[in-house]
1. Any residue in segment 170-181 that is touching a residue at least 24 places away in the same chain (Cβ under 8 Å) sitting within a Cβ distance under 8 Å of a residue that is polar (S, T, N, Q) and surrounded by 15 or more Cβ atoms within 10 Å (Cβ to Cβ)? List the pairs, counting only those 6 or more apart or interchain.
2. Among the candidates Ile141, Ile169, single out the residue that is away from ligand 2 (no atom under 16 Å from the Cβ), touching a helix residue (DSSP H, G or I) at 6+ places or on another chain (Cβ under 9 Å) and at pLDDT 95 or above.
3. Are any residues in segment 49-93 surrounded by fewer than 17 Cβ atoms within 10 Å (Cβ to Cβ) and of a type in the set (Gly, Ala, Ser), and if so, which ones?
4. Of Ala205, Ala180, which residue is surrounded by 19 or more Cβ atoms within 10 Å (Cβ to Cβ) and over 22 Å from His70 (Cα atoms)?
5. Take the residues in segment 183-195 that are touching a residue at least 40 places away in the same chain (Cβ under 8 Å) and surrounded by fewer than 17 Cβ atoms within 10 Å (Cβ to Cβ), then tell me which one is farthest from ligand 1 (Cβ to nearest atom).
6. Could you look through segment 147-157, keep only residues that are under 24 Å from Lys88 (Cβ atoms) and surrounded by fewer than 19 Cβ atoms within 10 Å (Cβ to Cβ), and pick out the one that is nearest to ligand 2 (Cβ to nearest atom)?
Amino acid sequence: MRLNHVRHNSTTTSSPQKKPIYQLSQRQREFLDSALRVNQAGELAATLIYDAQKPPVVRSHPHLRPLMKHMYDQEAGHFSTFNKYIAKHQVRPTAMYPVWEVAASVLGWSTAVMGREAAMACTEAVETEIGSHYNEQVREILSWAAEAERRGEELDDELKEMVATFRRIRDEELEHLDHAVENDSKEAKPYDPLINVIRAGCRAAINVSERV
Ligand SMILES: [Fe+2]
Ligand SMILES: [Fe+2]
């Protein structure tokens, strides 16, 4: 990751940093690279899942149109956020991109044709994994902030903004999870196998995308 912010010429800017900037280690930069890579892939998948789910779900349950659109629009916003980060920091997107594109569309379409409850169970499963994944990333970056604090330093503004963005997106994912439960995701049949297989698939996809 290349942080393109102003680091050493704070005296020439109008809002100088009060404390020295915490310098990221190689390991921390790699953590951010892989976080941005996996988040971009996940958000791509989310937009494709809703894209595939929307027509069958809305056809049989027109009252769900605004909800499906709302969730899709938020995912599209998340995806564009990570596209910008990826480009700005010159992070390589996952090599699995085309595979996730197909997998996400198949997952969205197949759960939607199983019915509204299965479509919602898909959202419940995905957001459970994604929400906790974002949480881990937030926790990690906050631990850097705590370390910086102990040293009398602070995270650079861009990293502060990034962690705030991760938190906002995490909250939106957890909101999708709530919408899914409110819309009878728990009534999906067969609930347990469906949820478990999707959650395992998400974890596997996360694992792979962090590395390749
Ligand atoms: Fe998202
Ligand atoms: Fe989501």
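The values are calculated or read from the model by the stated rules, or taken from the named source; none is laboratory data. The structure presented is a predicted model; accordingly, all values stated were derived computationally and were not measured. Note that we place each Cβ from the backbone using ideal geometry, even for glycine, and neighbour counts take in every protein chain shown.
1. Arg170/Asn135; Glu172/Gln74; His176/Gln74; His176/Thr123; Leu177/Thr123; Leu177/Thr128; His179/Thr123; Ala180/Thr123
2. Of the residues listed, the single one that is away from ligand 2 (no atom under 16 Å from the Cβ), touching a helix residue (DSSP H, G or I) at 6+ places or on another chain (Cβ under 9 Å) and at pLDDT 95 or above is Ile141.
3. Ser60, Ala76, Gly77, Ser80, Ala87
4. Residue meeting the stated conditions: Ala205.
5. Among them, the one singled out is Lys189.
6. So, considering only residues that are under 24 Å from Lys88 (Cβ atoms) and surrounded by fewer than 19 Cβ atoms within 10 Å (Cβ to Cβ), the one nearest to ligand 2 (Cβ to nearest atom) is Asp157.
Every residue, every condition in (1) closer than 25 Å to Asp184 by Cβ; (2) surrounded by fewer than 20 Cβ atoms within 10 Å (Cβ to Cβ), yes or no:
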residue	(1), (2)
Ala95	no, yes
Ala112	yes, no
Ala121	yes, no
Gln137	no, no
Ala145	no, yes
Leu159	no, no
